[in-house]
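Only one structure is covered here, and it is reproduced in the block below.
The values are calculated or read from the model by the stated rules, or taken from the named source; none is laboratory data. In this text, all values refer to a predicted model and were calculated from it rather than measured experimentally. Because the Cβ atoms are built from the backbone with ideal geometry, glycine has one as well, and the counts that use them run over all protein chains shown. We work out accessible area using only protein heavy atoms, side chains counted, and drop any ligands, DNA or RNA first. Shrake-Rupley method; radii C 1.70, N 1.55, O 1.52, S 1.80 Å.
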Amino acid sequence: MTREQYILATQQNSLPRTEHPQFYPVGIYGWRKRCLYFFVLLLLVTMIVNLAMTIWILKVMNFTVDGMGNLRVTKKGIRLEGISEFLLPLYVKEIHSRKDSPLVLQSDRNVTVNARNHMGQLTGQLTVGECNFTVFYLCILGTEGAVFGHSVETPHIRAEPSQDLKLESPTRSLVMEAPRGVQVNAAAGDLKATCRKELHLQSTEGEIFLNADTIRLGNLPVGSFSSSSSFSSSSSPSSSAPRQTIYELCACPNGKLYLSPAGAGSTCQSSSNICLWS
């Protein structure tokens, strides 16, 4: 480019332009801007509502650093105070109540407690509503034992080693029934059956078998024998008569047993006053 051309070009650029300049807007305008403001306002309202709901839930549920409401998280586990309601099954290892209050399990239908082994198999079940108690091995360690308000069905009842087994009904009767037999065994001790009134041993079809080296019947009434067949009931022989050491066991027609002084022959008489007044 020559000098003249450069000067001419610079002079043309310095001349004022008569046409209007064009401006290009930068940003969001129109309906887009209004939609953006609407979404921002909606998001703000949603955040405020969520914050208010969170504060309300924290206040209603009584969330604290230690837990939620009556639920407290401790080092030993979870502690519940007051009445708690479980809508689904509860899996726990131990349930304890406070020292000064009992533990109450309540349900509108029944309360079922299941015990399972490491394989998940059912080993024990306690259903309170239906009064069913099924376990493979039940051990009662309380000093007062256990109280059952209704019948108990079990194939085996035994006490701990070196402990006594006592079955008692304080106000009613105690009944043990089995379709094939009831066996009571004391392998290394005595077996005692005591009652206040009468003790009945009854077999409807079979017999009563007593098998022992020595069978003793204590406190039997003793009658006296005379040649005139007169009997009188006395607990001890006369002081002038020799000491009687051998007696004969007699049975009345009604089955009552009594002792009669042994003689050369039988001294038992059905007309004895012991049989007449029994």
- prompt: Just wondering, is there one or more residues in segment 253-260 that are surrounded by 13 or more Cβ atoms within 10 Å (Cβ to Cβ), touching a helix residue (DSSP H, G or I) at 6+ places or on another chain (Cβ under 6 Å), modelled with pLDDT of 80 or more and not in a loop (DSSP other than H, G, I, E, B)?
  reply: yes
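So that you can scan it fast, the table gives a plain yes or no per residue for (1) in contact with a His (Cβ under 7 Å, 6 or more places away or on another chain); (2) open to solvent by less than 100 Å² (accessible area, probe 1.4 Å); (3) modelled with pLDDT under 75; (4) farther than 30 Å from LEU126 by Cα:
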| position | (1), (2), (3), (4) |
| --- | --- |
| MET1 | no, no, yes, yes |
| TYR6 | no, no, yes, yes |
| GLY30 | no, yes, no, yes |
| TYR37 | no, no, no, yes |
| ALA52 | no, yes, no, yes |
| ILE57 | no, yes, no, yes |
| VAL92 | no, yes, no, no |
query: What do you reckon, is THR154 polar (S, T, N, Q), over 30 Å from GLY206 (Cα atoms), out of contact with any Cys (no Cβ under 9 Å at 6 or more places or on another chain) and at pLDDT 75 or above?
result: no
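Out of segment 166-211, which residues are among the small types (Gly, Ala, Ser) and either in contact (Cβ under 8 Å) with a residue 12 or more places away in the chain or not in a loop (DSSP other than H, G, I, E, B) (or both)? Reasoning before the result, please.
Taking segment 166-211 and keeping what is among the small types (Gly, Ala, Ser), we get 169, 173, 178, 181, 186-189, 193, 203, 206.
Matches in segment 166-211: none.
Considering only segment 220-244, state which residues are modelled with pLDDT of 80 or more and in a loop (DSSP other than H, G, I, E, B).
Residues satisfying the conditions are LEU220, PRO221.
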